[in-house]
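Colleague: Let me give you the structure first, and then I'll get to my questions.
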Amino acid sequence: TSAIVLVSVDSATDTSKVSLKLVGLEGVKTVYEITGQYDITTIISAPNIAEINNTIDALRKITGVVDTNTVIILRKVI
């Protein structure tokens with residue numbers, strides 16, 4: 001099971017510091033710093049939804065994270 005998590009970072013927090021903490025979380029495969037409504041997107045992979053939720057819970061506790069939007073990936077096309 002995989003998910004894309006979009007992350008908003010508080011404007012007073014250095015986005016790169018949050019990115020480095022995300023890299024250390026179990027299940028995080030890729031971290032991108034992006035433009036737009038969200039500051040970071042990350043790809044999470046785990047054997048089941050419960051473990052995806054555990055990673056998302058840990059992600060939300062990182063100092064500076066103010067909002068997330070999670071999308072579960074149903075199928076990879078290419």
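Colleague: Is it true that some residue in segment 53-75 is touching a residue at least 60 places away in the same chain (Cβ under 8 Å), hydrophobic (A, V, I, L, M, F, W, C) and touching a Ser or Thr at 6+ places or on another chain (Cβ under 6 Å)?
Modeller: Yes: one or more hits.
Colleague: Sticking with this one: When the residues of segment 10-24 are filtered to those that are loosely packed, with under 14 Cβ neighbours inside 10 Å and aliphatic (A, V, I, L, M), which remaining residue is nearest to I52 (Cα to Cα)?
Modeller: V23
Colleague: Provide a single number: the residues in segment 1-32 that are in a loop (DSSP other than H, G, I, E, B) and over 16 Å from I73 (Cα atoms).
Modeller: Looking only at that region, the number is 8.
Colleague: Continuing with this model, one more query. Give the number of residues within segment 33-49 that are in a loop (DSSP other than H, G, I, E, B) and of a type in the set (G, A, S).
Modeller: Selection size over segment 33-49: 2.
Colleague: Return the pairs, sorted by first residue and then second, in which the second residue is open to solvent by less than 20 Å² (accessible area, probe 1.4 Å) and in a helix (DSSP H, G or I), the first residue lies in segment 1-28 and is within 22 Å of S45 (Cα to Cα) and charged (D, E, K, R), the beta carbons are less than 9 Å apart, and the residues are 6+ apart or on different chains.
Modeller: Short answer, once both residue conditions are applied: K21/L59; E26/T55.
Colleague: To continue, here is another question. Which one is least open to solvent (accessible area, probe 1.4 Å) among residues in segment 52-73 that are part of a strand (DSSP E or B) and among the polar types (S, T, N, Q)?
Modeller: Checked segment 52-73; the qualifying residue least open to solvent (accessible area, probe 1.4 Å) is T68.
The values are calculated or read from the model by the stated rules, or taken from the named source; none is laboratory data. For clarity, every value in this text was computed on a predicted model and none was experimentally measured. In this analysis, Cβ positions are derived from the backbone assuming ideal geometry, glycine residues included, and neighbour counts consider all displayed protein chains. Note: accessible area is taken over every heavy atom of the protein model, side chains too, but ligands, DNA and RNA are not part of it. Shrake-Rupley method; radii C 1.70, N 1.55, O 1.52, S 1.80 Å.
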